[in-house]
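Remarks on the structure that follows.
The values are calculated or read from the model by the stated rules, or taken from the named source; none is laboratory data. Just so it is clear, the model here is predicted, and its values are computed rather than measured. All Cβ positions, glycine included, derive from the backbone under ideal geometry; neighbour counts span all protein chains shown.
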Amino acid sequence: MEGLQSIFGNPWIAYPAFSTMISIVTFMWFDKVMGYLKKRSLGQREEVIRYLELMFVDVDRKKITWLMVLISFGLGGLWFLILWPRATLGLIVGGVVTVTMWSVPLLFVKRQYDQRCSRFVDQMVDGLTIMANGIKAGLSVTQSMERVSENLPNPISQEFNLVLSQIRLGRSVEEALIDLGERIPKPDVQMYVTAINILKETGGNLAETFSTIVVVIRERQKIERKIEAMTAQGIMQGIMVSMIPFLILGLFYFTDPGYLQPMFNTTLGIIMLFIMLGLQIMGGIAIRKVVTIKV
């Protein structure tokens, strides 16, 4: 405000000018800010519900909403109370925890969904072997899928049962398999769906095609496991390097709390703390990009 007073020379002009600028900025950015907050809150809740439904989990929208609110705002408020009476630091840390923890349920559910998709691909080796033997014995594609759903556990049993249910309700085999490929967005599943749909139109040896897909999946799994073994050391080093600053910070805090007071009680210290957190996040993302190799 002193800067505005020096420019305008009169506080009766400076205050309205400052209020007008704040109003203009708020008006220009209100829709974008509200859209971002809606995407980070309700949008992520819908994504969590979608992933749970894809995993055949019964969903109660109210329970999901309250759980996400408790994880985010509850933990943010808890940190605010822990840091009381340092209200400024409490608001900053509480706000960061609230925004961060709102994304945790989505990351957790998405990880479970990815693991389920990976288990499905692993089961495809046995499933396609059963289907290939069924085709050789004279069974149709749907009959072979029934054998797979009867002999193998979830998730392949759930997915194939859903495909068979859609076919019984009148959907074509092609449409039901395309839905399967959308629910399990893995290259091996896409290859399986595309092979069946093409060969049903053009004709061909399905049993031989299934055997070829099994060989491709096995070779891909060998390469993935080899890459995981080679990058395991880099991942562990990245975790250790990311955790060292926080461990040192905790060590100094418990051994000599007064030494770290300027970092939490001064504006410069808080700025440096956030710069450190930002650099840690950037370094973690960079390390993850380096050690993540897609086959």
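Scan the stretch 154-196 for residues that are crowded, with 16+ Cβ neighbours inside 10 Å and more than 27 Å from residue 115 (Cβ to Cβ) and the total you get is 2. Considering only the stretch 184-197, I want to know if a residue exists there that is outside any helix (DSSP H, G or I) and either more than 23 Å from residue 54 (Cβ to Cβ) or not assigned by TED's automatic domain parsing to the domain that holds residue 148 (or both). No, the conditions are met nowhere in the stretch 184-197.
The residues of the stretch 171-182 that are closer than 12 Å to residue 192 by Cα and either at pLDDT below 90 or not small (Gly, Ala, Ser) (or both), listed by number, are 174, 177, 178, 180.
Here's the yes/no breakdown for (1) in the same structural domain as residue 160 (by TED's automatic domain parsing); (2) under 27 Å from residue 120 (Cβ atoms); (3) part of a helix (DSSP H, G or I):
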{"site": "48", "(1), (2), (3)": "no, yes, yes"}
{"site": "57", "(1), (2), (3)": "no, yes, no"}
{"site": "62", "(1), (2), (3)": "no, no, yes"}
{"site": "106", "(1), (2), (3)": "no, yes, yes"}
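May I ask you to list the residues in the stretch 228-256 that are of a type in the set (S, T, N, Q) and either exposed (fewer than 12 other Cβ atoms within 10 Å of the Cβ) or outside the structural domain of residue 275 (by TED's automatic domain parsing) (or both)? 233, 255, listed by residue number. Residue 94 passes every criterion in (1) free of Cβ contacts under 8 Å to residues at least 60 places away in the same chain; (2) under 21 Å from residue 184 (Cα atoms); (3) surrounded by 16 or more Cβ atoms within 10 Å (Cβ to Cβ); (4) not assigned by TED's automatic domain parsing to the domain that holds residue 171 apart from (2).
Tell me, please, whether a residue that is without any contact (Cβ under 8 Å) to a residue 24 or more places away in the chain and within 17 Å of residue 140 (Cβ to Cβ) can be found in the stretch 209-227. Yes, some residue in the stretch 209-227 is without any contact (Cβ under 8 Å) to a residue 24 or more places away in the chain and within 17 Å of residue 140 (Cβ to Cβ). Can you pull out the residues in the stretch 120-170 that are among the small types (Gly, Ala, Ser) and under 18 Å from residue 195 (Cα atoms)? Listed by number, the residues that qualify are 127, 132, 134, 140, 144.
Restricting attention to the stretch 164-175, does a residue exist that is farther than 13 Å from residue 128 by Cβ and touching a Cys at 6+ places or on another chain (Cβ under 6 Å)? Checked the stretch 164-175: no residue is farther than 13 Å from residue 128 by Cβ and touching a Cys at 6+ places or on another chain (Cβ under 6 Å).
Scanning the stretch 56-106 for residues that are within 16 Å of residue 264 (Cα to Cα), over 20 Å from the mean Cα position of the chain (by Cα) and either of a type outside the set (Ser, Thr, Tyr) or at pLDDT 80 or above (or both) yields a total of 16.
Which ones in the stretch 134-146 are free of Cβ contacts under 8 Å to residues at least 40 places away in the same chain and surrounded by fewer than 18 Cβ atoms within 10 Å (Cβ to Cβ)? Scanning the stretch 134-146 gives 137, 138, 139, 140, 142, 143, 146.
Among all residues of the stretch 170-178, there is none that is acidic (Asp, Glu), touching a residue at least 24 places away in the same chain (Cβ under 8 Å) and touching a Phe, Trp or Tyr at 6+ places or on another chain (Cβ under 8 Å). Here residue 201 fulfils each of the conditions (1) surrounded by 14 or more Cβ atoms within 10 Å (Cβ to Cβ); (2) without any contact (Cβ under 8 Å) to a residue 24 or more places away in the chain apart from (1).
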